[in-house]
Amino acid sequence: MPAVKIAFIGGGSAQWAPKITTDLVLTTELSGSHLVLYDIDPEALELTCPLAQRIAQQAGTGWHISATTDRSVALDGADYVILSIRVGGVEAMWADLEIPLRYGIHQTVGDTVGPGGLSRALRHIPVAVEIARDMEQRCPGAWLINLTNPMSTICRAVTKVTSVPTIGLCHEVINTVHWLASLFGVKAEDIHIQVAGINHFAWILKMQVGGKDGFTLLRDYLAEHSPFEHIAQIDERDWRSSFEDYGVIKFLLFQRYGTFPAAGDRHIIEFFPWFLTEATGWGRRYGVLPTTYEFRLQELEHRRRKARQMLAQEGPLTLSRSREQVAGVIAALATGKPARFVVNFPNRGQITNLPLDAIVEGFAYVGDKGVEPICVGFLPLIVQELIIGHVLRQEMIVEAALYGDRELALQALSGDPLVLDWEHTPQMLNEMLNANREYLIPSRRR
């Protein structure tokens, strides 16, 4: 097949650039292609580009790797554009996490819902839309593959106001399947699920495990084990502790609602008002430790140190495909050979009782016909009820970000389950807007 050009926006990421590069160069269908790492930070590219080139050279699949700080160079003639950015750098996450904390709101991630999700969306949507509009001119017809959070609002904004075909990819559903495989003592390939919802809040509606009903197996397991059984001692000094997933929240929600959430507990817990309270130690009772701003700084340094070690390593690197779907999706689109993936994509009716055009998460076939979502039909009423408010608030946040509408942002924030202090919400919003002011679209009421 002909080689393709892939632009990686945010290619200076020490976390994502090495991983996605490895996946791409180990995908034989894409041999001989060109990957352009683009970043606004030239120092970041000085680390990731040589490392990506070393990975490609070792793979021996004919890839050409280059880097640039000129976005037009990256986008011109691109067939696929990967979006993995952190607008304002890790420093901007201070506003997402620390300002709400002043108002008693403890977030475990702060990148999807809650005050942090809104703050991050207002900061990222203008940049994502600007990139998409640039794509319309420089690489019309190219696919945008978004890895950036908040996934749902970014993808919705791009598909709402541009013509760029967009897919959002997240690893949470896949990681949940592997988590369940470990629980049941089977291979992940032995688990078959039907899943639907929104990013970081999708729900497994049906499950087969080696030919047996998965929900029956879960109920049998919980009849003999406490949901809290596997919680280990949490090391509150180690940022990696905040990424541990003991499944307590998933188990409790399954016991109450009869369906199983398909994301890490650290994400799921933020969609509800009941779990992140002082009485639960702000989630610690459930084995969930908040990813603080300080932890984010520690994680960033860890990723950079690991990338430097890889680059300096003597002898061959250990190269293997990750669980990420980016390379597989690009290969399916490029070759036209359909394959099934978990995607975030506009609702074309695959979920009957969620709004059309909302970004929903579920399985789809990707190939010569683009993205063909697999129809789920109606969500159970309780799942619809849990999701619908978040979908509507996401639409409000998108509108607020696109048009600089403070009042709409305030309304969305006031309805979020984590926001329980009515009187001080306007003040909290003002502080977040002020911290993000250089990234926001000026108010232009329609």
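Things worth noting here:
- Applying a threshold of 6 Å to beta carbon distances and a minimum spacing of six or more residues, or different chains, the list of pairs starting in region 10-31 at a residue that is assigned by TED's automatic domain parsing to the domain that holds Leu45 and ending at one that is among the basic types (Lys, Arg) reads Ala14/Arg303; Ala14/Arg304; Gln15/Arg303; Asp23/Arg321; Leu26/Arg321.
- From Leu317, Leu297, residue being in a loop (DSSP other than H, G, I, E, B), over 17 Å from the mean Cα position of the chain (by Cα) and either among the hydrophobic types (A, V, I, L, M, F, W, C) or on the phi > 0 side of the Ramachandran plot (or both): Leu317
- Residue in region 38-51 that is aromatic (Phe, Trp, Tyr), in contact with a helix residue (DSSP H, G or I) (Cβ under 7 Å, 6 or more places away or on another chain), closer than 30 Å to Glu438 by Cβ and modelled with pLDDT of 95 or more present: yes
- Restricting region 97-118 to residues that are in contact (Cβ under 8 Å) with a residue 12 or more places away in the chain, part of a helix (DSSP H, G or I) and more than 16 Å from the chain's Cα centre (by Cα), the residue that is farthest from Ile397 (Cα to Cα): Arg102
- Among residues of region 397-420 that are surrounded by fewer than 17 Cβ atoms within 10 Å (Cβ to Cβ), those with a Cβ under 6 angstrom from a residue that is modelled with pLDDT under 95, sequence gap 6+ or separate chain, pair up as Tyr403/Arg444.
- Residue count for region 189-235 under the criterion of being without any contact (Cβ under 8 Å) to a residue 12 or more places away in the chain and not hydroxyl-bearing (Ser, Thr, Tyr): the result is 12.
- Within region 260-294, the set of residues being among the β-branched types (Val, Ile, Thr), under 21 Å from the mean Cα position of the chain (by Cα) and farther than 16 Å from Arg237 by Cβ comprises Ile268, Ile269, Val288.
- Test: residue in region 216-228 that is among the polar types (S, T, N, Q) and closer than 28 Å to Pro346 by Cβ: no
- Per-region count, region 132-156, residues closer than 22 Å to Pro355 by Cα and either part of a loop (DSSP other than H, G, I, E, B) or not assigned by TED's automatic domain parsing to the domain that holds Val81 (or both): 2
The values are calculated or read from the model by the stated rules, or taken from the named source; none is laboratory data. Note that the structure is a prediction, hence the values are computed from the model and not measured. For neighbour counting, all protein chains shown are included, and Cβ atoms are generated from backbone atoms with ideal geometry for every residue, glycine included.
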